[in-house]
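Enquirer: Sharing a structure below in structure tokens format, with a few things to ask.
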Amino acid sequence: MPNALVWFRNDLRLADNPALQAALDDGYVPICIYIHAPDEEGGWAPGAASDAWRHRSLAALDADLRQRGSRLRLFFGPTLPTLQTLLMACDAEGVFWNRRYEPAIEKRDTAIKKTLRAQGLRAESFNGSLLFEPWTLQTRERGPYQVFAPFWRAALAAWRPQAVHDAPKRIEETEEGPDGVALDVLKLFPSQRWDENFWRQWSPGEAGAREALEAFVDGALHGYREQRDRPDRIGTSRLSPHLHFGEIAPWRVIAVLEDVRSAGMAADIDTCIRQLGWREFAHHLLHHFPDTVDRNLNPRFDKFDWARRNPRQTEAWRSGATGVPIVDAGMRELWQTGWMHNRARMVVASYLCKHLRQHWLEGARWFWDTLVDADLADNTLGWQWVAGTGADASPYFRVFNPVVQAEKFDPDGAYIAKWVPELAALPVPAKFAPWLHPHLAATYAPHYPSKPIVDLAKGRDAALAAYRALTLRS
Ligand code: FAD
């Protein structure tokens, strides 16, 4: 049988893997490879938390391949010459891969495909991670969508259930070609071991993704519509890192949800599928507006008067020491687990962009380095949405009040108590705004800042004044 390279990227799974399946269907012995080339990511080389996850996910993929008679071979970039060398050394007829949609990667992969085909080799790419690739849905004017609701309406109208495919039971292997380097040589895992706590909560790899989905279907899916905004509960799927690394296909998530659909579950399932729709929308926007990874989608905001960079305040935000309990809880959850609840993400992002008036990129870069689910499409959409600079964004003047947010979404203060233990003994409602209850705070939370680094009302007023100045100017 002839050989072909199957080039794994953010599709670290064997089931529902169109590139692997196509290589097998075409009768090739798949030589499974991964190429480490962070400097080809257009300035968004994966952050430290992503690398820690990827290390484990690659190990899991290799173990899954070995169980089936194959293995994963690891190499360093630059990608094109590495592929060319491997094609020769393995006597392979071509390369199969699943597409990625980050602007720099799309450009690189297009060039790779063109070059390999010009050399008479096969270069075949597939959709391995989206329900709708970014160019498949268009407005009536044949342009990209910029508002979620019509995008999602069009998506639902076009949606056809996709079949799921189990992992191949056996995969042939060849001794041809180089073995590649050992996983440790890629140096993806943190030498300081700050990630040790992460793995109590997370299990990277395809099996871990399936377990997370099962746990969700048996648990948090029931009542998802009501609970998904509550950071104090396990009210969501926590599938985001698994989806980002392609350890599970979104169409499998939907198939499993549809399998348990009943009249009583319909609202929860529809709400969850709609959230997957935001992931689709994020990729749609990233493809059509590639500059938005570091520029405002709405150019009006190019003239916005962000405050001067303030390393002291930014550091307090990063380390969860702002003196605003719900903000500190979110930032500490992120630091300790590599993940943060969506509601908390919105609150901390709003606090940084509005109350501290720091540029959204300051926050996006920190999330990029610390989130295990850091994803260029979702992160860019999330930050520009909260900052008010993006597509279908929350308007800039709608400033989240972190105290009200805590009262509403963490009513017992359990989320705050969990991540900010200095506040655990403080009764509700003092837990939401300890500076308003100085005597209680001095007694029950003596080690927590006595007031926030920025007065909430003043921060809000300054943000709104800057916004008014922008509207007058434009
Ligand atoms: P669930 O509620 O179970 O949703 C299921 C899946 O739908 C998620 O796994 C995710 O893939 C997708 N999804 C849900 N909400 C959103 C959303 N608002 N936007 C896009 N996709 C969504 N998500 C990332 O995956 N990576 C990021 O880097 C990222 N950065 C963000 C930054 C900010 C400032 C904000 C406000 C949101 C960000 N999000 C990001 C979106 C969202 O917070 C996470 O996807 C969600 O918290 C993941 O938890 P879950 O898997 O339990 O979600």
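What follows is calculated from the coordinates using simple rules that are stated; it is not laboratory data. These numbers come from a predicted model, not from an experiment. So basically every Cβ, Gly included, is an ideal-geometry build from the backbone, and we count neighbours across all protein chains shown.
Enquirer: For an R0 of 25 angstrom, estimate the FRET efficiency from the Cβ-Cβ distance between Leu464 and Lys303 and round to the nearest 0.05.
Expert: About 0.95, to the nearest 0.05.
Enquirer: Starting from segment 76-175, pick out the GluC sites (Glu not before Pro) whose DSSP state is loop and whose Cβ has at most 11 other Cβ atoms within 10 Å.
Expert: Glu141, Glu175
Enquirer: Determine, at each q value in 0.22 (inverse angstroms), the log₁₀ of I(q)/I(0) that the Debye formula gives when each Cα of segment 352-457 is one equal point scatterer.
Expert: Here the Debye-derived log intensity ratios amount to -1.15.
Enquirer: Using unit Cβ charges (K, R positive; D, E negative) and no other charged atoms, how large, in debye to the nearest 20, is the dipole of the chain about its Cα centre?
Expert: It comes to approximately 1680 debye.
Enquirer: Would you mind checking the tilt of helix 250-259 against the longest principal axis of the Cα atoms of the chain, expressed as 0 to 90 degrees and rounded to 10?
Expert: It is inclined by approximately 80 degrees.
Enquirer: Tell me which trypsin sites (Lys or Arg not before Pro) from segment 201-277 have a DSSP coil assignment and no more than 15 other beta carbons within 10 Å of their own.
Expert: Arg261
Enquirer: Right, next: Long-range amide H contacts for Cys32: which residues qualify at under 5 Å (H placed 1.01 Å from N, peptide plane, sequence gap of 5 or more or a different chain)?
Expert: For Cys32, whose amide H was placed from the backbone, the distant partners under 5 Å are Val6, Arg71, Arg73.
Enquirer: Follow-up. Could you go through segment 162-172 in sequence order and give the Karplus-derived ³J(HN,Hα) for each residue, using 6.51 cos²θ - 1.76 cosθ + 1.60 with θ = phi - 60°, rounded to whole Hz, and x for Gly and Pro?
Expert: 9, 5, 9, 10, 5, 5, x, 6, 9, 10, 5
Enquirer: Separate question: Give the long-range amide H neighbours of Gly94: residues separated by 5 or more places, or on another chain, with amide H under 5 Å away, using H modelled in the peptide plane at 1.01 Å from N.
Expert: Leu5, Arg122
Enquirer: Let me ask you something else. Would you mind calculating the gained length between Ser319 and Ala111 on full extension (0.36 nm times residue separation, minus the Cα-Cα distance), in nm to one decimal?
Expert: Residue separation times 0.36 nm, minus the Cα-Cα distance, leaves 70.7 nm.
Enquirer: Which number do you get for Rg(Cα) / (2.2 N^0.38 Å) in segment 210-254?
Expert: Scaled against compact globular proteins, the figure is 1.13.
Enquirer: Indicate the gyration tensor shape class of segment 276-329 (rounded, prolate or oblate), computed on the Cα atoms with a ≥ b ≥ c the square roots of the eigenvalues: a/c under 1.5 is rounded; otherwise a/b larger than b/c is prolate and the rest oblate.
Expert: Judged from the Cα gyration tensor, segment 276-329 comes out oblate (a/c at least 1.5, b/c at or above a/b).
Enquirer: Further question on the same structure: How long are the three semi-axes of the equivalent ellipsoid of segment 97-136, in whole Å, if each is the root of 5 times an eigenvalue of the C-alpha gyration tensor, listed from largest down?
Expert: With the √(5λ) rule applied to segment 97-136, the semi-axes are 20, 12, 7 Å.
Enquirer: Name the residues whose placed amide hydrogens come within less than 5 Å of the amide hydrogen of His165, ignoring near sequence neighbours (fewer than 5 apart) on the same chain.
Expert: Amide H neighbours of His165: Asp16.
Enquirer: Using the alpha carbons of segment 220-283, what is the convex hull volume per residue in cubic angstrom, as a whole number?
Expert: 85
Enquirer: Over the chain, what is the percentage of antiparallel beta bridges among all DSSP beta bridges, to the nearest 5?
Expert: Here the antiparallel bridges make up roughly 5 percent for the chain.
Enquirer: Go through segment 9-24 residue by residue and turn each phi into a ³J(HN,Hα) via Karplus (6.51, -1.76, 1.60, θ = phi - 60°); whole Hz please, and just put x for glycine and proline.
Expert: Along segment 9-24, the couplings run 9, 9, 8, 7, 8, 10, 7, 6, 10, x, 5, 4, 4, 5, 4, 5 Hz.
Enquirer: Given the rule -39500 (n - 2.57) for each run of at least 4 DSSP H residues, summed and divided by the residues of the chain, what is its mean residue ellipticity at 222 nm, to the nearest 500 deg cm²/dmol?
Expert: Value at 222 nm, helices only: -14000 deg cm²/dmol.
Enquirer: Give the residue list of trypsin sites (Lys or Arg not before Pro) in segment 375-474 that are DSSP loop and have at most 16 other beta-carbon atoms within 10 angstrom.
Expert: Arg398
Enquirer: Normalised radius of gyration for segment 329-384, please: alpha carbon Rg relative to 2.2 N^0.38 Å, two decimal places.
Expert: 1.00
Enquirer: With the radius of gyration and the Kirkwood radius both derived from the Cα set of segment 163-207, what is their ratio Rg to Rh?
Expert: Rg/Rh for segment 163-207 comes to 1.11.
Enquirer: Now for a different question. Largest first and in whole Å, what are the equivalent-ellipsoid semi-axes of segment 360-407 based on the Cα gyration tensor, each being the root of 5 times an eigenvalue?
Expert: For segment 360-407, the semi-axes come out at 20, 15, 9 Å.
Enquirer: Also, I was wondering about something else. For the chain, what's the relative contact order in percent, using C-alpha pairs closer than 8 Å and at least 6 residues apart?
Expert: So the answer I get is 17 percent.
Enquirer: Where the convex hull is taken over the Cα atoms of the chain, what is its projected area averaged over directions, in nm²?
Expert: Mean shadow area of the hull around the Cα atoms is 23.7 nm².
Enquirer: From the backbone phi of segment 208-213, what are the Karplus-calculated ³J(HN,Hα) couplings (6.51 cos²θ - 1.76 cosθ + 1.60, θ = phi - 60°) in whole Hz, Gly and Pro given as x?
Expert: x, 5, 4, 4, 4, 5
Enquirer: Mind checking which of Val399, Trp135, Met346 is farthest towards the positive end of the chain's charge dipole, using Cβ charges of +1 (Lys, Arg) and -1 (Asp, Glu) about the Cα centre?
Expert: Val399
Enquirer: Still on this model: How much length is gained on full extension from Gln192 to Arg274, taking 0.36 nm per residue of separation minus their Cα-Cα distance?
Expert: In short, 25.6 nm is gained.
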